[in-house]
Amino acid sequence: MASLKDLRNRIASVKSTQKITKAMQMVAAAKLRRAQEAAEAARPYATRMDGVMANLASGMAGRAGAPALLAGTGNDQTHLVIVATADRGLCGGFNSSISRLAREHIYQLIRDGKTVKIVTVGRKGRDALKRLFGDKFVKSYEFSGIRQVGFAQAEDISNYVLSEFEAGSFDVATIFFSKFVNVVTQIPTAQQLIPASLPAADEATGVDLNGAVYDYEPDEDEILKDLLPRNLSIQIFKALLENVAGEFGAKMSAMDNATRNAGDMIKKLNITYNRSRQAMITKELIEIISGAEAL
């Protein structure tokens, strides 16, 4: 059995840990509100962009010469997998769930005989996949030194992806991230970026077009050449914002659970300490009484 001094030290240590987890929970809660607002503000723009792209793409259906970002290369042999996670841990299963989904997708591509290239965004995703697929890594991004992830970071990733696609380095690009729902729910999500995976025009805009046809000036081809690269940046930016909100939500929930667990452990340790102290006092009293009777 541990001594009373050991129990006191253990209780003090757990109390210190509880203060840290409580502080981290409050910091995550403060940051979550701003991150959630940013993620929710980006959704309507990305959705509306999908609607415009879907309308333009429907106008080019069946026509030759469609942009490669929309129609693809005509092949799907080489896949670029972009895995976006957080740079820091202590957020429950947030990072591992994204990495698990990406890992299953990569294994399936390998079983199908495809060539896989991996780009990681975030230190945790890189660390989780490097041991298994280190030879397939082509690029890694880390934003731990950046206070707030912005469009500039998404554009850097987008420019790299575009340059590699134009160089013929891959045929299909898919990004893995976590969609923020609420504090306790984040959904690991895979979204195909190239070729652009667009909904039907009516589904994207929420409006029944009733067969209406739009005339564009300049034509659809010219507009798509400008909007497709921009849409790629927007979709990556949306994924990064969803990840930031999901990270803080998961961290807030994890630190709340850690704080509660520390409180339960302190109660148990206090009970053990009091029982041990009472047993020691009882033993000393018995020794004193036995000594007095012996005299």
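The values are calculated or read from the model by the stated rules, or taken from the named source; none is laboratory data. In this text, all values refer to a predicted model and were calculated from it rather than measured experimentally. Positions of Cβ are generated from backbone atoms using ideal geometry, with glycine treated the same way; all protein chains shown enter the neighbour counts. Quick note on the areas: whole protein, heavy atoms, side chains included, nothing else; ligands and nucleic acids left out. Shrake-Rupley method; radii C 1.70, N 1.55, O 1.52, S 1.80 Å.
Numbers below:
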item	result
Output for the stretch 224-282, where each listed residue is within 14 Å of Lys15 (Cα to Cα) and either among the small types (Gly, Ala, Ser) or in contact with a Pro (Cβ under 7 Å, 6 or more places away or on another chain) (or both)	Ala258, Ala262, Gly263
Positions within the stretch 141-161 being more than 28 Å from Arg33 (Cβ to Cβ) and surrounded by 17 or more Cβ atoms within 10 Å (Cβ to Cβ), in sequence order	Val161
Residue list for the stretch 170-206, filter: hydroxyl-bearing (Ser, Thr, Tyr) and either part of a strand (DSSP E or B) or modelled with pLDDT of 85 or more (or both)	Thr174, Ser178, Thr185, Thr189
Selection from the stretch 162-197 of residues that are under 16 Å from Val116 (Cα atoms), buried (at least 18 other Cβ atoms within 10 Å of the Cβ) and of a type in the set (Ser, Thr, Tyr)	Thr174
Residues being among the aliphatic types (A, V, I, L, M) and under 25 Å from Glu242 (Cα atoms) - total across the stretch 100-115	3
Complete set of residues in the stretch 1-23 that are in a helix (DSSP H, G or I) and open to solvent by less than 60 Å² (accessible area, probe 1.4 Å)	Leu4, Leu7, Ile11, Ala12, Val14, Gln18, Thr21, Ala23
Residue list for the stretch 11-50, filter: small (Gly, Ala, Ser) and under 17 Å from Met265 (Cβ atoms)	Ala12, Ser13, Ser16
Matching residues, the stretch 48-89, being surrounded by fewer than 15 Cβ atoms within 10 Å (Cβ to Cβ) and at pLDDT 75 or above	Arg48, Gly74, Asn75, Asp76, Gln77, Arg88
Total residues in the stretch 263-295, condition touching a residue at least 40 places away in the same chain (Cβ under 8 Å) and not basic (Lys, Arg)	9
Residue that is most open to solvent (accessible area, probe 1.4 Å) [pool: residues in the stretch 90-126 that are farther than 29 Å from Lys251 by Cβ and free of Cβ contacts under 8 Å to residues at least 24 places away in the same chain]	Arg111
Check on Lys251, assigned to a helix (DSSP H, G or I) and loosely packed, with under 14 Cβ neighbours inside 10 Å	no
Residues of the stretch 123-153 that turn out to be β-branched (Val, Ile, Thr) and in contact with a strand residue (DSSP E or B) (Cβ under 6 Å, 6 or more places away or on another chain), as a count	1
Count of residues meeting criterion [touching a Ser or Thr at 6+ places or on another chain (Cβ under 7 Å) and part of a loop (DSSP other than H, G, I, E, B)] in the stretch 122-157	1
